[in-house]
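Down below is the structure, laid out as structure tokens.
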Amino acid sequence: MTLTGPFAFASFAESLRAALAPCPVETDPDILLSFSRDQAPLAPAGVARALVRARSTADVVATLRFANGLGIPVVTRAAGTGLAGGANAIDGCILLSVAAMDRILRVDPGTRTAVVEPGVLNAALAAEAARQGLYYAPDPASREISTIGGNIATNAGGACCLKYGVTGDHVAALEVVLADGTRMRTGSLAAKNVAGLDLTRLLVGSEGTLAVIVEATVRLLRAPRPASTLLAFFETLERAAEAIVAMESTTDLSLLEVMDRTTVTAVEDLTHMDLDTSAAALVIAQSDAADASEAISTCERLCRAHAARDVIRTDDRAEGEMLLVARRKALPALERLGTTLLDDVAVPKPALPEMMRRIAAIAERHHLTIGTFGHAGDGNLHPTIVFPGTDGASRAVAFAAFDDIVRAAVELGGTISGEHGVGSLKRDYLGLMLGEPERALLGRIKAAFDPNGILNPGKAI
Ligand SMILES: Cc1cc2nc3c(=O)[nH]c(=O)nc-3n(C[C@H](O)[C@H](O)[C@H](O)COP(=O)(O)OP(=O)(O)OC[C@H]3O[C@@H](n4cnc5c(N)ncnc54)[C@H](O)[C@@H]3O)c2cc1C
């Protein structure tokens, strides 16, 4: 790229450093490489030309003004725990890290809101809210390592979405920087707000393609009641899935998760928790309702009616937390088995048994191991394809199964992504979800926010 105007005689790095000083700018290839991918190893990634470590909104403004003037792509990244390649580098891009913007600015019990910089870890905010007797509900399994900005940009889900909704349901207001460096505020502290179009909601889940989030005002809830918990082991996946549908439609649950035998076995090998690895599926349910114990008793009855062969339950909070460890270890446990290609699909809840049947058939057809776990109460599954090699032929088979899973979810009325986002991994599948008029409108919305197309081009939309 040829620099023009005031930058014509300086190297790219010198120009960027001059425009941003004293904000740190890295150009060392090894450092750039280590920031060029998220946690989706098989999603496409390019080679970045610089990494900006923003420490303030002014740094973000300066970066975007510089990049917009020269038409240089900017990939915003936070903790890099994404699972769809959203934060992966694009050839020639500036990586804009907001991880160091990590202050909790305010927790306000009066409005039950918190104002945070984008790099605050989800768990840090949850802990601060809890200290003040409040509750930050969105709970991606990555909450200890992922940021509020990243959670908002991906509209992250988690186990408690079943009762409390996804990240976007808890965002009251945002401050963002537009592609040309303009600062903009959206939303309101008020509990209700219908002024203008809901740009806050539009920015939620936009995966760094519309603007850079520099401050978020999120809603807090009153602390939930202590939960009662149930673990049930099933002879067949179908019976487990049917029990899930029955429990979800009749009881007030705050969590309803599933793990298949492959996943349970991998977790047992990792944790030695004494899980029953001969069962076809493990279902975990939790309720924090006023009648939590009664709700879990109903679940126990429903599980037994669906031929659960072993049911464990507790009304003790600490014991319940221990039982949840099995589910939290699902992904790391499967990752130990080989190269993994993690999928994320969601189907309407009644279609869950059929989706689980289809995943098992896809594994058999492609002679692959697929460990399936997920937020079953939301119909959101993470079939994880495990394969031994990293060679092209192994990858091709894995991607063929991935393709079959995504298409099966759409055929059943579901979606190509329930919570991880589209990123670079699933962009080719957008056509399955969006009609031509919708895609064209999205293109015009993108152009209105980012006329030069510098923000995470080629991703998400
Ligand atoms: C072990 C593990 C468990 C996980 N469990 C869950 C789960 O239960 N539910 C779930 O939904 N996800 C889960 N994830 C995926 C991931 O943690 C989420 O997508 C998370 O929201 C990403 O946050 P991050 O801070 O790592 O963002 P990054 O990965 O750095 O970025 C993600 C996307 O957001 C954009 N972005 C980041 N910050 C900003 C900003 N300030 N402004 C604009 N755009 C921005 C990036 O460009 C990119 O497109 C899991 C990941 C791992 C590794």
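What's the center-to-center distance, using Cα atoms, between region 50-81 and region 390-415 in Å? Measuring centre to centre over Cα atoms gives 34 Å. Per-residue ellipticity at 222 nm from helix content only, as computed over the chain with -39500 (n - 2.57) for each DSSP H run of at least four residues, stands at -10500 deg cm²/dmol.
With r defined as the distance between the Cβ atoms of T250 and A21 and R0 fixed at 41 Å, what FRET efficiency is calculated, to the nearest 0.05? With a Förster radius of 41 Å, E is 0.10.
Shown is the FRET efficiency for N452 and I145, computed with R0 = 35 Å from the Cβ-Cβ distance and rounded to the nearest 0.05: 0.60. Give, as ranges by residue number, the residues of region 144-179 whose backbone N falls under 13 Å from the point 7 Å along Cα→Cβ of N193. Backbone N within reach: 170-176.
Bridging of K426 to aspartates and glutamates at a Cα separation below 12 Å is possible for D343, D344, D403, once same-chain residues fewer than 8 apart are set aside. Projecting label points 7 angstrom from Cα along Cα→Cβ for A130 and L221 puts them 1.5 nm apart. The calculated FRET efficiency for E294 paired with A13, based on their beta-carbon distance and R0 = 56 Å, is about 0.30.
Qualifying trypsin sites (Lys or Arg not before Pro) in region 165-269, where qualification requires a DSSP coil assignment and no more than 11 other C-beta atoms within 10 Å, comprise K192.
Estimated at 0.36 nm per residue, the fully extended path between V410 and D28 surpasses their Cα-Cα distance by 133.2 nm. When both bridge partners sit in the chain, DSSP labels roughly 85% of those beta bridges antiparallel.
Each reported figure results from applying straightforward, stated rules to the coordinates on display, with no laboratory input. All values derive from a computational prediction rather than experimental measurement. Glycine gets a Cβ as well: all are built from the backbone with ideal geometry, and neighbour counts include every protein chain shown.
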